[in-house]
Amino acid sequence: MANSIKPVLCVVTSHPIRGDTGEPTGFAMVELTHPLEVFREAGIPTEIASIRGGHPPIDFFDLSDPVNDKFWKDEKFRAELADSKILADLDPSRYSAVFFAGGHGTMWDFADTKAVQRVIREIWEAGGIVSAVCHGPAALVNATLSDGSYLVAGKKVASFTDEEEAEVKYTKVVPYLLATTLKERGALHQPAPNWTEKVVVDGRLITGQNPASAHGVGQAVVDLLTAKS
């Protein structure tokens, strides 16, 4: 069954610096590898893309995490990551789902990138799945459907919360507060206590709150894809 499922497109940020701080950032490694592991175990093909292509900047590079360690030792994964596809070059019809990994870098390049908005709209309107975790839902901030409405309007979502942002002391660094902005777009934000797992499934929209939710988002995508196939 899984062999007949089109690939999941996994998208990461290309933005390397956290605001005006000069601190390096990028995508959160765990938020890519944990869903990838779930997709692979289910036999669902995946492709990795980034906003600008090539090797994306990595944040939270923690090899004490066994899944991170396993993927980093995988030469095929390393090669694919180093040569990530340019998102704007891709045909959304080739994919069954799109997944946006988090990391603070997403806050500077996901929301306003036309390719992000196009991929989300075309995959969603073709009946595919749109998913994201932690800061990855920044991709949803300006994602609109063909009728001009925000995809998240009236839908339940999870994302990195304003309270979590305050705890890591970046509320004045990020260009906007993600949870607040999603609510301004009409999303029904579903927060859990800081750093606890929270995965929200609203039809074909699957979102998670933080790094602890990455595996669960991947599993929810697999469950929906396999149910549809």
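The values are calculated or read from the model by the stated rules, or taken from the named source; none is laboratory data. Just so we're clear, the structure is a prediction, and the values are computed from it rather than from any experiment. When we count neighbours, we look across all protein chains shown, and the Cβ atoms used for this are built from the backbone with ideal geometry, even at glycine. Only protein heavy atoms, including side chains, enter the accessible area calculation; ligands, DNA and RNA are left aside. Shrake-Rupley method; radii C 1.70, N 1.55, O 1.52, S 1.80 Å.
Please tell me if residue 78 is in contact (Cβ under 8 Å) with a residue 40 or more places away in the chain and of a type outside the set (Asp, Glu). Taking the combined requirement at face value, the residue does not satisfy it. Listed by position, the strands (runs of 3 or more DSSP E) enclosed by segment 1-117 that each have at least 2 residues that are buried (at least 17 other Cβ atoms within 10 Å of the Cβ) and not aliphatic (A, V, I, L, M) are 46-50, 97-100. Restricting attention to segment 167-197, the residues that are of a type in the set (S, T, N, Q), outside any loop (DSSP other than H, G, I, E, B) and touching a Leu at 6+ places or on another chain (Cβ under 9 Å) total 0. Does at least one position in segment 60-72 carry a residue that is touching a residue at least 12 places away in the same chain (Cβ under 8 Å) and under 14 Å from the mean Cα position of the chain (by Cα)? No. Against the definition (of a type in the set (D, E, K, R) and at pLDDT below 95), how does residue 156 come out, yes or no? When the stated conditions are applied, residue 156 does not pass them. In segment 193-219, the qualifying residues are those that are open to solvent by less than 20 Å² (accessible area, probe 1.4 Å), of a type in the set (Gly, Ala, Ser) and in contact (Cβ under 8 Å) with a residue 24 or more places away in the chain, and the one that is farthest from residue 41 (Cα to Cα) is 208. Looking across segment 123-154, the residues that are open to solvent by 10 Å² or more (accessible area, probe 1.4 Å) and either within 17 Å of the chain's Cα centre (by Cα) or of a type in the set (S, T, N, Q) (or both) come down to 124, 142, 144, 146, 149. Residues in segment 155-184 that are free of Cβ contacts under 8 Å to residues at least 24 places away in the same chain and acidic (Asp, Glu) were compared, and the one that is surrounded by the most Cβ atoms within 10 Å (Cβ to Cβ) is 165.
The one condition from (1) out of contact with any strand residue (DSSP E or B) (no Cβ under 9 Å at 6 or more places or on another chain); (2) assigned to a helix (DSSP H, G or I) that residue 217 does not meet is (1).
All of 132, 139 fail the test of being in a strand (DSSP E or B), at pLDDT 95 or above and touching a helix residue (DSSP H, G or I) at 6+ places or on another chain (Cβ under 6 Å), apart from 132.
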